[in-house]
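Notes for the one structure printed next.
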Amino acid sequence: MAARAMANFSLDDLRLVAPREQWPNKEAWSAAAGASWIIEDAHIYEDVGAAVADLHFVCATTARMRDSVKQISAPQGAASEMRSRSRAGQKCGIMFGCEKAGLENDHIALADVMVMVPVNPRFASLNLAQAVLIMGYEWLKQEESGVLGRETAFDGPGREGVQMLRTRPATRGEMVGFFEHLERELDISGFLRPPEKRPQMIRNLRNLFQRMGASEQEVRTLRGVVSSLARAHRHRDKVP
């Protein structure tokens, strides 16, 4: 599952230190859930020192304080530092320990920063995939690409904000046209009374609808609703 988490957030250089099981193995392929390139391209090392030898900056994840003078950072700060160094051409890495015992103090000594996740201090243990997911998320977030979710042959990734599917935001002219249409029908129905309160009532209505950030399609729908209600009102007035 750690390989899958890496693939989710564009991390692809998996380095394993003395894995207990033969590598790669059936369980790893299954847990990767399609992130096969992470498994295929993984590098195996005899010890941690060899695994980080070519790196310029190393973060070590841990859930507990260690008896050493070492900078401590939350995931966001560590990811920001790594992204900055990466842009400057430096190679960075994140060390994760085994789920049973985590990293040893000798491993921590090889790191520049200890990374600690803000969690419930009474139950701070994360499994390996969770830790990779958190660090990967913070790493990719620093890229500030703004894209969200899945990209397919039919749909692009999402972005924050209102999603306009096959439509566009309404123009001010279209909104004003709707306001005038609505106000005209409200005048006919007698809603905008007494006269001295009409200006403030109109402002309130316009502010209400303006806040919704309507699309062009939604404005046409609203005008259709107003027209339908107006026709029903006039028909009712004609019934003897």
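Just need a number here: residues in the range 2-22 that are surrounded by fewer than 11 Cβ atoms within 10 Å (Cβ to Cβ) and acidic (Asp, Glu).
Residues meeting the conditions: 1.
Can you tell me which condition Glu144 does not meet? The list is (1) modelled with pLDDT under 95; (2) in a helix (DSSP H, G or I), and all the others hold.
Failing condition for Glu144: (2).
For Ser68, are the conditions met, namely being hydroxyl-bearing (Ser, Thr, Tyr), within 27 Å of the chain's Cα centre (by Cα) and either surrounded by fewer than 18 Cβ atoms within 10 Å (Cβ to Cβ) or more than 23 Å from Glu104 (Cα to Cα) (or both)? First the steps, then the outcome.
Details: hydroxyl-bearing (Ser, Thr, Tyr): yes; within 27 Å of the chain's Cα centre (by Cα): no; either surrounded by fewer than 18 Cβ atoms within 10 Å (Cβ to Cβ) or more than 23 Å from Glu104 (Cα to Cα) (or both): yes.
Here the answer is no, as Ser68 does not meet what is asked.
Please go through the range 42-83 and pick out each residue that is within 16 Å of Leu11 (Cβ to Cβ) and among the aromatic types (Phe, Trp, Tyr).
Phe57
So in the range 72-96, with the set limited to residues that are surrounded by 15 or more Cβ atoms within 10 Å (Cβ to Cβ) and among the hydrophobic types (A, V, I, L, M, F, W, C), which one is nearest to Arg122 (Cα to Cα)?
Phe96
Could you check, for the range 1-15, whether at least one of its residues is over 17 Å from Ile134 (Cα atoms) and of a type in the set (S, T, N, Q)? Can you show your working first?
Kept after step one, since they are over 17 Å from Ile134 (Cα atoms), are these residues of the range 1-15: 15.
Pick out the ones that are also of a type in the set (S, T, N, Q) and you get none.
The answer is no, given that none of the residues of the range 1-15 is over 17 Å from Ile134 (Cα atoms) and of a type in the set (S, T, N, Q).
Please go through the range 211-240 and give me each residue that is among the hydrophobic types (A, V, I, L, M, F, W, C) and either within 32 Å of the chain's Cα centre (by Cα) or modelled with pLDDT of 90 or more (or both), ordered by number. Before you say what the answer is, go through the steps one by one.
First, the residues of the range 211-240 that are among the hydrophobic types (A, V, I, L, M, F, W, C): 212, 214, 219, 222, 225-226, 229-230, 232, 239.
Across the range 211-240, the qualifying residues are Met212, Ala214, Val219, Leu222, Val225, Val226, Leu229, Ala230.
So Val69 clears everything in (1) farther than 19 Å from Asn127 by Cβ; (2) in a helix (DSSP H, G or I); (3) free of Cβ contacts under 8 Å to residues at least 24 places away in the same chain except one condition, right? Which one?
Val69 satisfies all of (1) farther than 19 Å from Asn127 by Cβ; (2) in a helix (DSSP H, G or I); (3) free of Cβ contacts under 8 Å to residues at least 24 places away in the same chain except (2).
Please find, among Glu40, Glu46, Glu27, the residue that is out of contact with any strand residue (DSSP E or B) (no Cβ under 9 Å at 6 or more places or on another chain) and exposed (fewer than 11 other Cβ atoms within 10 Å of the Cβ).
Numbers: Glu40 fails: exposed (fewer than 11 other Cβ atoms within 10 Å of the Cβ); Glu46 fails: out of contact with any strand residue (DSSP E or B) (no Cβ under 9 Å at 6 or more places or on another chain).
The match here is Glu27.
Given the residues Ala7, Ala28, Ala79, Ala60, which is the only one that is outside any loop (DSSP other than H, G, I, E, B) and modelled with pLDDT under 90? Spell out the reasoning first.
Values: Ala7 fails: modelled with pLDDT under 90; Ala79 fails: modelled with pLDDT under 90; Ala60 fails: modelled with pLDDT under 90.
After applying the criteria, what remains is Ala28.
Does any residue of the range 186-199 turn out to be part of a helix (DSSP H, G or I) and β-branched (Val, Ile, Thr)? Lay out the reasoning, then the answer.
So in the range 186-199, the residues part of a helix (DSSP H, G or I) come out as 186-189, 195-199.
Next, from what is left, pick out any that are β-branched (Val, Ile, Thr): 188.
Yes: the range 186-199 contains one or more residues that are part of a helix (DSSP H, G or I) and β-branched (Val, Ile, Thr).
Look at Ala88 and say whether it is in the same structural domain as Lys141 (by TED's automatic domain parsing), more than 29 Å from Glu21 (Cα to Cα) and within 23 Å of the chain's Cα centre (by Cα).
Details: in the same structural domain as Lys141 (by TED's automatic domain parsing): yes; more than 29 Å from Glu21 (Cα to Cα): yes; within 23 Å of the chain's Cα centre (by Cα): no.
Taking the combined requirement at face value, the residue does not satisfy it.
The values are calculated or read from the model by the stated rules, or taken from the named source; none is laboratory data. Note that the structure is predicted; figures quoted are calculated from it, not measured. Every residue, glycine among them, receives a Cβ derived from its backbone with ideal geometry; neighbour counts consider all protein chains shown.
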